[in-house]
1. In segment 300-321, what count of residues is obtained for those that are within 19 Å of F221 (Cβ to Cβ) and touching a Ser or Thr at 6+ places or on another chain (Cβ under 7 Å)?
2. Only residues in segment 247-260 that are open to solvent by 20 Å² or more (accessible area, probe 1.4 Å) count as the first member; pair them with residues that are modelled with pLDDT of 85 or more, Cβ under 7 angstrom, at least 6 apart or cross-chain, and list the lot.
3. Within segment 326-339, restricting attention to residues that are part of a strand (DSSP E or B) and among the hydroxyl-bearing types (S, T, Y), which residue is farthest from K256 (Cα to Cα)?
4. Identify all residues within segment 197-235 that are among the basic types (K, R), touching a residue at least 24 places away in the same chain (Cβ under 8 Å) and exposed (fewer than 14 other Cβ atoms within 10 Å of the Cβ); write none if there are none.
5. What are the residues in segment 322-335 that are buried (at least 20 other Cβ atoms within 10 Å of the Cβ) and not aromatic (F, W, Y), if any?
6. Return the total of residues in segment 10-48 being modelled with pLDDT under 95 and closer than 19 Å to L75 by Cβ.
7. Would it be correct to say that N370 is at pLDDT 95 or above and either surrounded by fewer than 22 Cβ atoms within 10 Å (Cβ to Cβ) or on the phi > 0 side of the Ramachandran plot (or both)?
8. Report yes if D58 is in contact with a Lys or Arg (Cβ under 6 Å, 6 or more places away or on another chain), of a type outside the set (A, V, I, L, M, F, W, C) and either open to solvent by less than 40 Å² (accessible area, probe 1.4 Å) or outside any strand (DSSP E or B) (or both), otherwise no.
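The values are calculated or read from the model by the stated rules, or taken from the named source; none is laboratory data. Predicted model, so just to flag it, every value in this text is computed and none were measured. Note: ideal-geometry Cβ built from the backbone for every residue, glycine included; neighbour counts use all protein chains shown. Surface areas here come from the heavy atoms of the whole protein model, side chains and all, with no ligands, DNA or RNA. Shrake-Rupley method; radii C 1.70, N 1.55, O 1.52, S 1.80 Å.
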Amino acid sequence: MEEDKPVRFKFDVPGGKTHTKLKFDGHKDSLFAVSGTPSKTLRNGKRGPALMASGGGDDVAILWNAETGEQISRLEGHSDSVVSIAFNNTGEYVATGGYDSCVKIWQARGPKTGTLIATLEGPGQEIEWIKWHPKGDVILAGSADGSIWMWLAPDQMFMQLFAGHEDRVNCGSFTANGKLVVTGSNDATVRVWDPKTGKTKHKFSGHLFHQGPVVSMGVHFKRPLVVTGSTDGTVCVLHAKKGKILSNFHHGKAVKAAMKKDKDGTSNTSQEDDEEDDFVYGVVETVAFANTHEWIASGDICNGGDLGSVCVWDLKTQRLRFSSTIESGITRVSWHPSQPLLYVSALDGIVREYDARSGKMTRRWCGHRNSILDMSILQNDDDTYILTASDDYYGMSFSLRDGGETLGE
């Protein structure tokens, strides 16, 4: 029996208003991944534009001019969905990870733009994610077979295999200085690895940690800190170098308490309440460190995607700053590069902006007619853009400088 195809246009744009700066039209199936890199001066002295790359269920990645919407190159070669995509730190290369178990490296700039540089193989099952080293051309990839692989990408040189997880590796990254590798798995553990030896330095697990699969991860931009989210509704902050759990927050219980406080003015829920009510905790699908404060954000998907909430936590006080619930699952949270503003994408196709100082939703961007599956922030020249990938087969960009719908008090 043939599988039902997802509905491309699931709903109309709210109010018929669109705030799209550019629409990227070239895929023939859902877009699962999006990434961007800013403009740069090329070796010939000319200005190279900001770039966007998207990957989708049509087994294709596309390289775009992020300033004009022009399609630069179709990156064809995967035999299954392209689910992860990322530029290296210089923007010279773009990597794609697919459900065909391989990672491909492509030339992103110069006369050979769009050329396949390398095909990196080794994992036995689907690639779940890819991450570049913050300072070099080394790339990590996590697989559904429980393994993590590391290559010197342009040279196709295998560097390291990290083996120890007992199930799918859902998320992972280098730390900010590139000296440690951190991964999270369906086996409810997070491991910190030595990239030189491939050995586990620290393993996080047990009753003080997540009790369900670890599905999301963010790394601090400077310190060796990691934030993780789980299917059990919890959020943990870890010190990767010291191997210590610094914080353990319960996203779902915090949202429940905030809802109860809004309803009747009380801030606590009793154990009896926990046992008797039918409140369902969601999957913490996305987590991220703020760039301006010691804050973290987490977003969840609950009730089959019909409900979602975002929380912002203060690491200094170990308390919830605010939470907000909407009638749609949260797919990504991303912080502004230099302001305490949080951007939240959701299954209803809308991107929302929150001012984390007040906890208020301040703007929103509409344009997609189906769920947003990935989001990335691109800071370029005199503007910053939200890049999105959607089930409606389109990628879009939204301007932070002069775009969006301002929401009233």
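1. Qualifying residue count, segment 300-321: 1.
2. Every condition considered, the pairs that remain are N248/L208; N248/T234; N248/C236; H250/G233; H250/T234; A258/S323; M259/T325.
3. So, considering only residues that are part of a strand (DSSP E or B) and among the hydroxyl-bearing types (S, T, Y), the one farthest from K256 (Cα to Cα) is S334.
4. K222 - this is the single residue of segment 197-235 that is among the basic types (K, R), touching a residue at least 24 places away in the same chain (Cβ under 8 Å) and exposed (fewer than 14 other Cβ atoms within 10 Å of the Cβ).
5. The answer is S323, S324, S328, G329, I330, T331, R332, V333, S334.
6. Residues meeting the conditions: 1.
7. Answer is yes for this residue.
8. In short, yes.
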